[in-house]
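Just so you know, all these numbers are worked out from the coordinates, no wet-lab data involved. Since the structure is predicted, the reported quantities are computational estimates derived from the model, not experimental observations. Reconstructed Cβ throughout: ideal geometry from the backbone, glycine too, with neighbour counts over all protein chains shown.
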Ligand code: NAD
Ligand code: TYD
């Protein structure tokens, strides 16, 4: 069972697993919040090994029913509230879904699987933001102390601790990975890259927070999905794996590269989209720099990113340009009717 499979990263993980493991039953459990969009999975939703369940992880009875219905053996947990800016406005949504929802899932898994967990794995997907902010040098390793600064990262840090604690206390087969910023197709246009692609198409202002010198490490989402497959199948129980792109960009440099690539693709004169850049008031508690040391997963499991940033960004822009209907459905809210139209008879 994959939770949050209708979201950005989850949809790539569901697609990979459904196509790669036709002999396995893959259940996508998702509440379809504003971030969940079943249009992300249109290409695989009629495959016989794919099943969708609209359940909120706050609904314990609903979780129990899904575990019983499919005899769930393993969980890859991605369902979460994921946007820092929303967590600043509504922190309790993050407490409920990210902390209480994760503990609900752990409790149901424990009740259904225990006391012998040898054939069941609980894999929790987390973020590098739990480690806080770096200065100009240094990298986050798996041993970096947690130091979250936003309600989002604090809620993810808490959920990581619960997963680890259930591994230690009840001997559940838990594993955690902490990944850097993802980008790619199906990215919800509230996050930096898809929002700016959308605004460049529409020739709207590009709102850069603060001085624009904040640094993030970017990873192509399909590389993250491959890492998740690897950690799920070969990661060591009780361990944490950092996943990153070895690819640091200051926001403003990234935005300028995006403007340049988009001007070329849209046939606009060079420098046209850069004029849309608008510096705005900073995000409170804004982490200055994230950078991941992904050498452990490389050394122990043999993973490294396959796609360069220039290539991944170019593919991402092409995807958004070729899927403007998807973008329009998301920005107009129409995607929320897809579930009713596709699933009311199933
Ligand atoms: P997303 O916001 O695109 O998708 C989240 C999904 O979870 C949505 O489909 C939503 O409907 C579902 N969901 C939310 N609340 C739920 C609830 N209460 N019950 C059931 N389903 C619920 O998020 P994403 O960017 O795909 O991130 C997925 C996971 O990866 C999250 O746990 C996030 O913390 C983690 N992560 C994300 C990034 C990133 O760059 N996006 C980086 C590292 C880790
Ligand atoms: P975001 O995509 O929200 O991811 P995260 O906060 O989880 O890293 O933001 C990436 C960076 O871009 C972050 O430093 C905040 C900045 N940003 C802007 O400057 N303007 C925006 O409109 C957004 C959404 C983000």
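Quick notes on this one:
- Relative contact order %, the chain, counting alpha carbon pairs below 8 Å whose residues are six or more apart: 18
- With Cα atoms, 0 to 90° folded angle of helix 309-322 axis to the chain main axis: 90
- Packing rank of 274-283, 189-198, 16-25, 294-303, where each peptide gets the mean count of other beta carbons within 10 Å, highest leading: 189-198, 294-303, 16-25, 274-283
- Sorted peptide list for 96-108, 310-322, 329-341, criterion being average Cβ within 10 angstrom, highest first: 96-108, 310-322, 329-341
- DSSP bridge orientation in region 2-343 - percent antiparallel, rounded to nearest 5: 10
- Label-reachable residues, region 293-320, where backbone N falls under 11 Å from a point 7 Å from residue 264's Cα toward its Cβ: 310-311, 314-315
- Residue 65-residue 213 pseudo-label distance in nm [points 7 Å out on the Cα-to-Cβ vector]: 5.5
- The long axis of helix 8-20 is offset from the longest Cα principal axis of the chain by roughly 60 degrees.
- Nearest-ten-degree value, helix 221-234 long axis tilted from longest Cα axis of the chain: 20
- For region 190-225, the residues whose amide N sits under 15 Å from a probe point set 7 Å from the Cα of residue 34 along the beta carbon direction are 190-192, 195.
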